[in-house]
1. Any aspartates and glutamates with Cα under 16 Å of the K36 Cα? List them, leaving off those in the same chain fewer than 8 positions away.
2. Hey, rough spin-label estimate for E90 and I112, points 7 angstrom out along Cα→Cβ, what's it come to in nanometres?
3. Determine the principal axes of the Cα atoms in the chain, then give the extent along each, sorted from largest to smallest and rounded to whole angstroms.
4. For the pair L141/R72, report the inter-label distance in nm, with labels modelled 7 Å from Cα in the Cβ direction.
5. Search the structure for amide H atoms under 5 Å from the amide H of H60, placed 1.01 Å from N in the peptide plane, and list their residues when 5 or more places away or on another chain.
6. Give, rounded to the nearest 20 debye, the magnitude of the charge dipole that the chain has about its Cα centre when Lys and Arg contribute +1 at Cβ and Asp and Glu contribute -1 at Cβ.
7. Order these peptides, 135-143, 150-158, by their mean beta-carbon neighbour count within 10 angstrom, highest first.
8. Of the options V99, A71, L9, report the single residue whose Cα projects farthest towards the positive end of the charge dipole of the chain (beta-carbon charges: Lys, Arg +1; Asp, Glu -1).
Amino acid sequence: MTEAASGHLIELRVNNVAQLFHTLDPFPFRERDLDKEAEEFIVGWARELSADRTIRIVIHYPESEAQTNAARELSEAFHRYFSERAATTEREIKELFRVGRRSLGIGITILIICLVSAHLAGGYLIDTPFRRLAEESFLILGWVANWRPLEIFLYDWLPLARKRDLYHRLSTATVELKSYGSPDPVEKGQA
């Protein structure tokens, strides 16, 4: 990977443009999913780059691939794939917040019940160590019931939001194709 003046540069070299995509995917080329290894490589490098500049992805491929549908539709396929990944991650965030709201409703209900129970235990039990234990136990239970919703709203959504933003950046990345001479026999498995 190198960095260019106009943005961050991620470079890949392939012997066949189609090897960037999942080979078992039955959809037309531009609608196929990226190969898992290719996606991990691109996302891994993109994650390391600062968010203040655009990303350029340069695919080096053999001249013999220049006229294939795969080469002509590569840029569109990358944009579509990363746009869909961003939309999927956005749905995951919405689902997480939905679970968080439901958990918070349950947690607040349990907290109210526990506060009332602690108050009743304090008022009806005689002044013994058991009374203090009952009051504290109800208070702890009430707050523990809110642990998960607070974790969701304070922390769990942040990594997903970062991933969504990264996919958005990759969906708008400039994809350039650069051909090279015929592939060396040694490099056939390279991606």
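1. The qualifying aspartates and glutamates are D25, E84.
2. With each label point 7 Å from Cα toward Cβ, the separation is 3.5 nm.
3. Taking max minus min along each principal axis of the Cα atoms, the chain gives 90, 38, 29 Å.
4. It is 6.9 nm.
5. L12, R13, V14, K178
6. With only Lys, Arg, Asp and Glu charged at Cβ, the dipole is about 680 debye.
7. Descending mean neighbour count gives 135-143, 150-158.
8. Comparing the listed Cα positions along the dipole, V99 ranks first.
Taken together, the values in this text are just the output of simple stated rules run on the coordinates, not laboratory data. Quick caveat: nothing in here was measured; it's all calculated off a predicted structure. FYI the Cβ positions are ideal-geometry reconstructions off the backbone, even for glycines, and counts take in every protein chain you see.
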